Structures are given as C-alpha cells and as structure tokens.
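Contents: one structure, followed by commentary.
The values are calculated or read from the model by the stated rules, or taken from the named source; none is laboratory data. Not measured: the values here are computed from a predicted model. FYI the Cβ positions are ideal-geometry reconstructions off the backbone, even for glycines, and counts take in every protein chain you see. Protein only, heavy atoms only, side chains kept; ligands, DNA and RNA dropped before computing areas. Shrake-Rupley method; radii C 1.70, N 1.55, O 1.52, S 1.80 Å.
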Amino acid sequence: MNQTLLIQGIAALGGSLSDTQLSQFAAYSALLKEWNQKMNLTAITDDDGISVKHFLDSILPLYHIQIPPNASLADIGTGAGFPGVPLKIIRPDLSVTLVDSLNKRITFLEAVCRELGLTNVTCIHGRAEELGKDNKYREKFDLVTSRAVANLRVLGEYCLPLTKVGGQFLALKADGVDEELSDARPMLGTLGGGKPQVIPVPLPESDMVRKLVLIPKEKPTPSQFPRRANKIK
Ligand code: SAM
C-alpha cells in the first residue's frame, strides 16, 4: 500500500490511524498481494490503488453516517474483504460477519483475520439469499453493507432480509446510481425498506465521487423473500 496516501486520505476525512491500525493495513495489503498471485482476489494490486480504491473507499461510510458502538455488521459479497475488513480495522468494537459465495475467498479472509489479530469477525461461505432464509441470520444485523456485488434491486433482496428492523442497509456505489435507485425503489419498499438516502462523498486522494445509498429497515421482510437466485435475477 501507499502509506502516505492512506494517512493523508484519512486526515482529509477528519480521522487518524493508530500504530496498530497502520500495521494492520500494511499486513492486509501484503497478504492481498501475496495471495492474489495464487488466486483471483482483486484487479487492484498497485500500492496507490490499494490505499485509495480499496482502503479509503471502504472506510468512507464511517465519516458520513453514524454506526452505533458495538453494532453488528454483515458485509455481503465481501470478496477480498471490502468494505468489511477496513471497517473492522478502524472500528474494532464492531462485530463483523463477512459473507462470500466463493470458498477460496473465505480461506483468504480467515488468514487475514488471524494475521491481523482481528477478533469478533465471522467468515461465512454462503450465498446471501440462502442466509436470508436462515433464522440464525435473518433480520439479525444492525448494518448490512455491500460493494460491487449487484444492482440495487438485486442487492436489496440479498441485504434487506438480513437487516434488523430499525437497522440499515448500506450500498457503496459509484457515481451515477440515480436511475438504478429509481428502478429498485418499489422492490426495496416491498422488502421492508424505508426512504433511501443518497450521500455523495468525494473519495480522498482522487477525483472520484462515491455515492453511499442508505436504506432504513422499517418493516419486517415478507416471508417469501429472499427468493431463489434465479428468481431474483
Ligand atoms: N465487495 C468486494 C469489493 O468491493 O471488492 C468484492 C466485489 S466482487 C466484484 C463480488 C463478490 O460477491 C464476489 O466475491 C462474489 O463471490 C460475491 N457474490 C456474488 N453473489 C453473491 C451472493 N449471492 N452471495 C454472496 N456472495 C456473492
């Protein structure tokens, strides 16, 4: 990673890093590069990209929305751990569940948690729409996040069933999400979601703008959702 970009970027967001957090990000970056030679984890492997497009991008929500202390967070389709792992590094109080349908990525994430000494993180190999049917996970999370997994209509069906009533679903999107959101609105409401809030945020150390799409869970999700993967698509 590019340490200077990461430190400057977090300072621009109004935050700072402890020595422990800095070494956790450095270890994470090293593991990402090492394992990426053996398996396909990410297309972004340059130091600047890891700091800006992975680490800073993942932690943006912490500086724009309130996440209560000790909240439970599920990151759906986390891949190599984004945004779930950087969020956990900055907010060690969170109890984090990382979910991905590819088992090799889960093996990587377990190694990351071990090497970085992250506690209270559960790595689950599974599909979001299957977890959403399981009472162990259904409507159990204060915050459900997802980045770069699907469009908002599909993502709503993956994430809102897992979100507690009173909790929030947060999609990390690139700029230009408005049409996608208006297409998804009816389905998000059916799934128990309230009025979406779209928060445009500049990504530090870049000329990019990200959109945080925050949807409050207002009502329980009807029992017929989530449907099977082929139905959702
Ligand atoms: N969120 C990460 C990021 O932003 O770098 C990874 C994005 S990657 C493009 C999409 C990930 O979602 C893949 O790792 C894939 O295995 C996972 N995925 C896709 N559909 C899923 C589902 N229904 N349930 C769980 N994981 C899923």
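Backbone amide hydrogens, once placed in the peptide plane, bring T122 within less than 5 Å of V96, T97, L98, excluding anything fewer than 5 places away on its chain.
Placing +1 on the Cβ of each Lys and Arg and -1 on the Cβ of each Asp and Glu in the chain, which of L162, N120, N103 has its Cα farthest towards the positive end of the resulting dipole? Of the candidates, L162 comes out farthest on the positive side. Ordering of 21-33, 53-65 by packing is 53-65, 21-33, highest average first (other Cβ atoms within 10 Å, averaged per residue). Computed over neighbours whose Cβ is under 12 Å from that of P202, the net charge equals -2, Lys and Arg +1, Asp and Glu -1. Taking every DSSP bridge with both residues inside the stretch 76-233, close to 55 percent are antiparallel.
With a 1.4 Å probe and all protein chains left in place, how much of the accessible area of the chain comes from carbon and sulfur atoms, in whole percent?
48
Cα-based radius of gyration for the chain, normalised by 2.2 N^0.38 Å, reads 0.96.
A protection proxy built from the mean count of other Cβ atoms within 10 Å ranks the segments 181-188, 89-96, 168-175, most packed first, as 168-175, 89-96, 181-188.
What is the helix-to-structure angle for 178-190, meaning the angle in degrees between its Cα long axis and the longest Cα principal axis of the chain, kept from 0 to 90 and rounded to the nearest 10? Long axis of 178-190 versus the principal axis of the chain: about 50 degrees. Listed by chain and number, the lysines whose alpha-carbon sits under 19 Å from that of K88, ignoring those within fewer than 8 places in the same chain, are K53, K140.
Ratio to report: Rg/Rh of the stretch 157-216, with Cα atoms as the point set and Rh obtained by the Kirkwood method; give two decimals. Each step should come with its number before you reach the end.
Details: Rg = 12.3 Å, Rh = 12.2 Å.
Taking Rh as the inverse mean 1/r over Cα pairs, Rg/Rh reads 1.01.
With respect to the chain, whose longest principal axis is taken over its alpha-carbon atoms, helix 103-116 is tilted by about 50°.
Please work out how much length the chain gains when fully extended from D134 to D46, using 0.36 nm per residue of separation minus the C-alpha to C-alpha distance, in nm with one decimal.
Values: separation 88, 0.36 × 88 = 31.68 nm, distance 3.87 nm.
Full-extension gain reported as 27.8 nm.
Residues with beta-carbon under 14 Å from that of L13, excluding L13: net charge, scoring Lys, Arg +1 and Asp, Glu -1? Write out the running numbers ahead of the final one.
Working: positive: R91, R210; negative: D57, E205.
Charge balance in the 14 Å sphere: 0.
Under the convention that each Lys and Arg Cβ holds +1 and each Asp and Glu Cβ holds -1, the size of the dipole of the stretch 68-232 around its Cα centre is about 520 debye. Per residue, the stretch 103-146 exposes 50 Å² of accessible surface when a 1.4 Å probe is rolled over the protein heavy atoms with every protein chain present.
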